[in-house]
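Engineer: Below is one structure. I have some questions about it.
The values are calculated or read from the model by the stated rules, or taken from the named source; none is laboratory data. Keep in mind that this is a model prediction, so the values were computed, not measured. We place every Cβ from the backbone using ideal geometry, glycine too, and count neighbours over all the protein chains shown.
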There are 2 protein chains.
Amino acid sequence: MYDPNVTTDTPTAGSATQRVPLSKERVLAGAVELADEAGIGGLTMRKLAESLSVEAMSLYYHVANKDALLDGVVDAIVGEIEAELGGFDVPEDADWKANLRTRILTAREVMVRHKWAPGLLETRTVMSPRMMRYFDSLAGILREGGFSYDLIHHIMHALGSNALGFNQELFKPDNEQQAEEDAEEMFELMAAELPYMTAMLMEVAHDDDDSTLGWCDDQTEFEFGLDLTLDGIERLKDTA
Amino acid sequence: MYDPNVTTDTPTAGSATQRVPLSKERVLAGAVELADEAGIGGLTMRKLAESLSVEAMSLYYHVANKDALLDGVVDAIVGEIEAELGGFDVPEDADWKANLRTRILTAREVMVRHKWAPGLLETRTVMSPRMMRYFDSLAGILREGGFSYDLIHHIMHALGSNALGFNQELFKPDNEQQAEEDAEEMFELMAAELPYMTAMLMEVAHDDDDSTLGWCDDQTEFEFGLDLTLDGIERLKDTA
DNA sequence: ACCTGAACACCGTTCAAGT
DNA sequence: ACCTGAACACCGTTCAAGT
């Protein structure tokens, strides 16, 4: 197993293993990696320390506390978006709709890579400078597209989490197994209590072979909602 | 202090205090009350037990574990929405837009009463029967309004958390004090790094006396976004 | 049927101490 | 400058036991 604390390329001395000192960057990168593997619930100070081959308390030299760690993790995620976009510069052309759309779908790619990220983002209360720059670039795209700042302000609120490439998928089981069971429970209740949902399920689910679930393609649904909002925004502009 | 475990109205016997036994309902009601007072982070099994004048382990007789408790709390919240609406029956008239709007704004009233509820809802992965009936009623309103089930399905996804009366207010500090400090930090970065946000702030915030914050009226912004979506839905129908 | 006490494994974090 | 060890307060939860 690769241990990042041990450098094998000690140039002169014999076999003396040498420590690569921790850094805030290495701590945050380790936290992202651990969350990818173990979920956000598996990201604890103690386990993170272990994954970095260090004692738990060493982390506190690089990070004030767990809250600061999580803020840093969010910032790292935004950093991935920035890298993917090649920076947050506002494009020259005035096609705000296409620019906004690709920017948001790029953010979504990062969210899909780190499925725990949306849930974490929702818990944060402060915005990092890098995240501010991301939102500034969204505002810039709209501004260069000819919107008033008053409208831009409302639009940013209306976009909500869509701005970062996810929407509130209420009650999405991460466990396919359990989802199946829940669906069967649901069917029992259905006929009498849930007439509309039953009818909807029967009509919509037919062309998907793997049973009742998997009938919602996340990406398709996200883009549907996003385009609905973008079209609404376009209309707003025409009106105003 | 009022202790719900002690009945003062013992009809016959002298002063023998008598226990009102716990019940799932009392546990859930206590949990909602505790969350209202102490936030969702303050809702622990041990503190909940204490607030009910009972030992922590007693709760496990009425509730399988904390996860089940939280599911029950969510169900109780949906119960408040149902009570507020006088049931989930789908209205007779076909004004889907007005019906959907008032239904969602009613749900929002409950969310505003329990500010921790949106955050909790986001963490749940299973839907209670009562919540299914809520969503069934939304589907019903749209169906009676003449939408195809295929469209209804997409619309429900697009509504996302709006369906329950909240949207993903990213990075909303609950602490006004800290918010003020953050805003000042932001200002320092602004001029150079955040040109569009700076401009937006200067233009939009002028008519609000209490400085830079408080310039976002949650209710107004929510209704703006909701109406944007509802208008988009209306257009979808006309097109299809 | 309903509640309790002691105990376990696991958290985040402080503080004084090591190199 | 960077890391550690022991200790504290707080979790959720099990299990056997009480009434």
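Engineer: Can you name every residue in the stretch B:68-85 that is within 14 Å of another protein chain (Cβ to nearest Cβ) and within 16 Å of DNA strand C (Cβ to nearest atom)?
Structural biologist: Hit for the stretch B:68-85 is B:A68, nothing else.
Engineer: Still on this structure, please answer the following. Among the residues of the stretch A:107-119, count how many are surrounded by 17 or more Cβ atoms within 10 Å (Cβ to Cβ) and assigned to a helix (DSSP H, G or I). Spell out how you get there, then give the answer.
Structural biologist: Restricting attention to the stretch A:107-119, the residues satisfying the condition of being surrounded by 17 or more Cβ atoms within 10 Å (Cβ to Cβ) are A:107-108, A:110-111, A:114, A:116-118.
Adding the requirement that they be assigned to a helix (DSSP H, G or I) leaves A:107-108, A:110-111, A:117-118.
Total meeting the criteria: 6.
Engineer: Report yes if some residue within the stretch B:82-99 is of a type outside the set (K, R) and within 25 Å of A:G119 (Cα to Cα); otherwise report no. Spell out the reasoning first.
Structural biologist: As a first pass, look at the stretch B:82-99 and keep what is of a type outside the set (K, R): B:82-96, B:98-99.
Right, trim to within 25 Å of A:G119 (Cα to Cα) and you get none.
No; the residues of the stretch B:82-99 include none that is of a type outside the set (K, R) and within 25 Å of A:G119 (Cα to Cα).
Engineer: Follow-up. Step by step: first the residues of the stretch A:32-47, then only those that are near DNA strand C (Cβ under 8 Å from one of its atoms) and either surrounded by fewer than 20 Cβ atoms within 10 Å (Cβ to Cβ) or in a helix (DSSP H, G or I) (or both), then the one that is farthest from the chain's Cα centre (by Cα). Which residue is that? Lay out the reasoning, then the answer.
Structural biologist: We begin by selecting, within the stretch A:32-47, every residue near DNA strand C (Cβ under 8 Å from one of its atoms); these are A:42-47.
From the residues that got through so far, the ones that are either surrounded by fewer than 20 Cβ atoms within 10 Å (Cβ to Cβ) or in a helix (DSSP H, G or I) (or both) too are A:42, A:44-47.
Values: A:G42: 17, A:T44: 19, A:M45: 21, A:R46: 24, A:K47: 22 Å.
So, considering only residues that are near DNA strand C (Cβ under 8 Å from one of its atoms) and either surrounded by fewer than 20 Cβ atoms within 10 Å (Cβ to Cβ) or in a helix (DSSP H, G or I) (or both), the one farthest from the chain's Cα centre (by Cα) is A:R46.
Engineer: As an exercise: evaluate B:S211 against (1) modelled with pLDDT under 70; (2) assigned to a helix (DSSP H, G or I) and give the number of the one condition it does not meet.
Structural biologist: Looking at each condition in turn, B:S211 falls short on (2).
Engineer: Among the residues of the stretch B:183-208, what is the count of those that are at pLDDT 85 or above, touching an Asp or Glu at 6+ places or on another chain (Cβ under 8 Å) and surrounded by 16 or more Cβ atoms within 10 Å (Cβ to Cβ)?
Structural biologist: Residues in the stretch B:183-208 being at pLDDT 85 or above, touching an Asp or Glu at 6+ places or on another chain (Cβ under 8 Å) and surrounded by 16 or more Cβ atoms within 10 Å (Cβ to Cβ): 4 in total.
Engineer: Could you figure out which of (1) within 16 Å of DNA strand C (Cβ to nearest atom); (2) among the small types (G, A, S); (3) part of a loop (DSSP other than H, G, I, E, B) isn't true of A:A94?
Structural biologist: For A:A94, the failing item is (1).
Engineer: Mind checking which residues of the stretch B:61-116 are among the aliphatic types (A, V, I, L, M), touching a helix residue (DSSP H, G or I) at 6+ places or on another chain (Cβ under 7 Å) and under 23 Å from B:L230 (Cβ atoms)? Spell out the reasoning first.
Structural biologist: Applying the first criterion (among the aliphatic types (A, V, I, L, M)) to the stretch B:61-116 yields B:63-64, B:68-70, B:73-74, B:76-78, B:81, B:83, B:85, B:90, B:94, B:98, B:100, B:104-105, B:107, B:110-112.
So of that shortlist, the ones also touching a helix residue (DSSP H, G or I) at 6+ places or on another chain (Cβ under 7 Å) come out as B:63, B:69-70, B:73-74, B:76-78, B:81, B:85, B:90, B:94, B:100, B:104, B:107, B:110-111.
Once the filter is applied, which keeps residues that are among the aliphatic types (A, V, I, L, M), touching a helix residue (DSSP H, G or I) at 6+ places or on another chain (Cβ under 7 Å) and under 23 Å from B:L230 (Cβ atoms), the stretch B:61-116 yields B:V78, B:I81, B:L85, B:V90, B:A94, B:L100, B:I104, B:A107, B:V110, B:M111.
Engineer: Then there is this: Can you tell me which condition B:L170 does not meet? The list is (1) at pLDDT below 85; (2) within 7 Å of chain A (Cβ to nearest Cβ); (3) closer than 23 Å to B:G146 by Cα, and all the others hold.
Structural biologist: (3)
Engineer: Is the stretch A:63-73 home to any residue that is over 20 Å from A:S128 (Cβ atoms) and part of a loop (DSSP other than H, G, I, E, B)? Break it down into steps so the answer makes sense when it comes.
Structural biologist: Residues of the stretch A:63-73 that are over 20 Å from A:S128 (Cβ atoms), as a first pass: none.
Looking through the stretch A:63-73, none of the residues is over 20 Å from A:S128 (Cβ atoms) and part of a loop (DSSP other than H, G, I, E, B).
Engineer: Being on the phi > 0 side of the Ramachandran plot and in a loop (DSSP other than H, G, I, E, B) is the filter here; which residues of the stretch B:141-169 pass it? Before you say what the answer is, go through the steps one by one.
Structural biologist: Keep residues of the stretch B:141-169 that are on the phi > 0 side of the Ramachandran plot, which gives B:146, B:160, B:165.
The answer is B:G146, B:G165.
Engineer: Something else now. Which members of the stretch B:49-67 meet the condition of being more than 14 Å from chain A (Cβ to nearest Cβ) and away from DNA strand C (no atom under 12 Å from the Cβ)? Reasoning before the result, please.
Structural biologist: First pass over the stretch B:49-67, keeping only residues more than 14 Å from chain A (Cβ to nearest Cβ): B:49-65.
Answer for the stretch B:49-67, where residues must be more than 14 Å from chain A (Cβ to nearest Cβ) and away from DNA strand C (no atom under 12 Å from the Cβ): B:S51, B:A64, B:N65.
Engineer: Considering only residues that are in contact (Cβ under 8 Å) with a residue 24 or more places away in the chain and of a type in the set (A, V, I, L, M), which ones fall in the stretch A:75-111?
Structural biologist: Across the stretch A:75-111, the qualifying residues are A:A76, A:I77, A:V78, A:I81, A:V90, A:A94, A:L100, A:I104, A:L105, A:A107, A:V110, A:M111.
Engineer: I'd like the residue in the stretch A:224-240 that is surrounded by 16 or more Cβ atoms within 10 Å (Cβ to Cβ) and more than 7 Å from every other protein chain (Cβ to nearest Cβ) and, out of all such residues, is farthest from B:L236 (Cα to Cα). Walk me through it before giving the result.
Structural biologist: The initial filter retains those residues of the stretch A:224-240 that are surrounded by 16 or more Cβ atoms within 10 Å (Cβ to Cβ), namely A:224-226, A:228-233, A:236-237.
With more than 7 Å from every other protein chain (Cβ to nearest Cβ) added as a condition, the list becomes A:226, A:230, A:233, A:236-237.
Working: A:L226: 14, A:L230: 13, A:I233: 14, A:L236: 16, A:K237: 18 Å.
My answer is A:K237.
Engineer: Under 6 Å by Cβ, and 6 or more places apart or on different chains, what pairs join a residue from the stretch B:141-166 that is facing another protein chain (nearest Cβ under 7 Å) and surrounded by fewer than 22 Cβ atoms within 10 Å (Cβ to Cβ) with one that is of a type in the set (S, T, Y) and in a helix (DSSP H, G or I)?
Structural biologist: B:R143/A:Y196
Engineer: Criterion first (within 18 Å of the chain's Cα centre (by Cα), farther than 25 Å from A:D36 by Cβ, modelled with pLDDT under 95 and within 10 Å of chain B (Cβ to nearest Cβ)) does A:M127 satisfy it?
Structural biologist: The answer is no for A:M127.
Engineer: Among the residues that make up the stretch A:64-76, is at least one of them within 11 Å of DNA strand D (Cβ to nearest atom) and at pLDDT 95 or above?
Structural biologist: Within the stretch A:64-76, the subset within 11 Å of DNA strand D (Cβ to nearest atom) is none.
No; the residues of the stretch A:64-76 include none that is within 11 Å of DNA strand D (Cβ to nearest atom) and at pLDDT 95 or above.
Engineer: Return the only residue of B:L28, B:L52 being under 16 Å from B:G79 (Cβ atoms), crowded, with 20+ Cβ neighbours inside 10 Å, more than 12 Å from DNA strand D (Cβ to nearest atom) and modelled with pLDDT of 95 or more. Let's see the steps before the verdict.
Structural biologist: On the way: B:L52 fails: under 16 Å from B:G79 (Cβ atoms).
Every option except B:L28 fails the conditions.
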